[in-house]
Each structure stands twice: as structure tokens, then as C-alpha cells.
Amino acid sequence: MQTIWLSGAEWLAVLRIGLGLWWLESWRHKDRKGWFERGTGIAWAADVAAEHRWPFVRRGFDAVVRPRPKLMAYVVVYAELALGLGLVLGFLTPIALAGGLLLNLIYLVLMIHDWAEQGQNAMMALISLVALFAMSWQAWSLDNLWGLFL
């Protein structure tokens, strides 16, 4: 592959790191006190799920999230942090990319009526797919340094 300035593997690393920074920004701007102490994040998601046009989303939310709102708040917030750090550092990159793809698809389905959210989650999911199948951990990653996922 010919590119200008960086190698193909390095451009993929740029894409991976950019996605990681996007996840870190998502984590950074969350009101963690609100999520953990007042339950604002899960309460907002419960309102969205309750009005969702697809019944399976309501049923899934009621079965998985509603019974354990505090745990799910921690899962969401710290999953975003772990994804961001994993992608920026290139540590367990395929796992972080697959986890991020799954989280983006969940967000995409939950927010199916919100075009702004759909765009962001669709782009993040697309980047995750490209970075995963192009093995973006081949450059500038701890995985590559330690010989993981060769």
C-alpha cells in the first residue's frame, strides 16, 4: 500500500488512536456524580427505552438494565474509559474494538430516533470495523510491542 507520509499500518494506528480519544472524550464529559449518585444516565436511558418504537428494546432494557441501574451506570461509564485507554495505548486492541463496536451498536439501537446520535455511533462502529479487520494494532501499540495478536 502506498501512502503519503506514514505507512498503511501507521495510518490505521492513527484511526485507532483517534477512536480511542473519541471514547475518552465521551467518558470525560460524563457527569459521573450524576451517573453514580443520582442515576441520571440510566434514568435518561430508561425514558428513551420506555418510548422506543421497537418492543424488544423496552423488554431488553427492563430485563437487563432496570433491575440493576447502579451497576449498569458503572459498566457504561468505565467501559468507555477502558475502551479509550485500550485503543489509545493499543492494549488488547481487538477486544477493545469488538467491545466498542458492540457498545456503539447498543447505543445506535437505543437512540434510533436521534439522528445526531445515530451519526456518531454509526461512524464509531464503522471505524471499529475497519480498525479491527485491518489489524490496526500493527503499529504504535503495546500489543505489537509485546507480540500479541500477530
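Just need a number here: residues in the range 1-52 that are within 19 Å of the chain's Cα centre (by Cα), of a type outside the set (A, V, I, L, M, F, W, C) and open to solvent by 40 Å² or more (accessible area, probe 1.4 Å).
Result for the range 1-52: 5.
Could we say that L132 is open to solvent by 80 Å² or more (accessible area, probe 1.4 Å) and under 14 Å from the mean Cα position of the chain (by Cα) here?
Answer is no for this residue.
Note down all Cβ pairs under 7 Å where the first residue falls in the range 122-149 and is in contact (Cβ under 8 Å) with a residue 24 or more places away in the chain and under 14 Å from G86 (Cβ atoms), the second is open to solvent by less than 40 Å² (accessible area, probe 1.4 Å) and outside any helix (DSSP H, G or I), and they're at least six residues apart or on different chains.
Matching pairs, first to second residue: W137/G90; W140/G90; S141/G90; L142/G90; D143/G90; N144/G90.
Give me a count of the residues in the range 70-94 that are among the hydroxyl-bearing types (S, T, Y) and more than 20 Å from L129 (Cβ to Cβ). Break it down stepwise before answering.
The first filter runs over the range 70-94 and keeps only residues among the hydroxyl-bearing types (S, T, Y), leaving 74, 78, 93.
Filter once more, so that each one left must be more than 20 Å from L129 (Cβ to Cβ): 74, 78.
Selection size over the range 70-94: 2.
The values are calculated or read from the model by the stated rules, or taken from the named source; none is laboratory data. Keep in mind the model is a prediction, meaning the values are calculated, not measured. FYI the Cβ positions are ideal-geometry reconstructions off the backbone, even for glycines, and counts take in every protein chain you see. Side chains are part of the model used for accessible areas, which takes the heavy atoms of the whole protein and leaves out ligands, DNA and RNA. Shrake-Rupley method; radii C 1.70, N 1.55, O 1.52, S 1.80 Å.
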